[in-house]
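Any read-out appearing in this document is the output of simple, stated calculations on the displayed coordinates, not a laboratory observation. None of these values were measured; they are calculated from a predicted model. As a convention, Cβ positions derive from the backbone with ideal geometry for all residues, glycine included, and neighbour counts pool all protein chains shown.
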Amino acid sequence: MIDQITPDQLQAMMAGQDVTLLDVREVVEFKDAHVPGAVNIPLSLVPVRIHEVPAEAELAIICRTGNRSMQACMWLAQQGRRAVNVQGGTVAWAQAGKPLESGVPA
């Protein structure tokens, strides 16, 4: 079973511990708006780019609404990696009034 967290829980998690937030939306979606500090690896590329995510990292996965991120969490679980899914994704994050940034981090 995949654990799910709310945007409030994600914000607290990011403030209180070393967490990697993986955004699995397409690059154009990510550039438009994303949670500050998120790393973008589109869902279709997760299997070939997973080496970019530290094996010991606490992982939270986000997409637009929570569907693609759940798929990524399930794939990661099959690989022996634990990750939590952000319920409602970036849409829920924005609706909760949490900060967003645009562009691609340097």
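Quick notes
- Long-range tail of P(r) for the chain (Cα pairs > 23 Å, %): 16 percent
- Cut-off 15 Å, label 7 Å out along Cα→Cβ of residue 74, residues of segment 28-67 by amide N: 43-44, 66-67
- Estimated from helical segments only, the mean residue ellipticity of the chain at 222 nm is -9500 deg cm²/dmol, where each DSSP H run of four or more residues counts as -39500 (n - 2.57).
- Cα gyration tensor shape for segment 50-106, rounded if a/c is under 1.5, else prolate or oblate: oblate
- Cα-centre dipole for segment 4-95 with unit charges at Cβ (Lys and Arg positive, Asp and Glu negative), debye to 20: 240 debye
- Share antiparallel - DSSP beta bridges, the chain, percent rounded to 5: 10 percent
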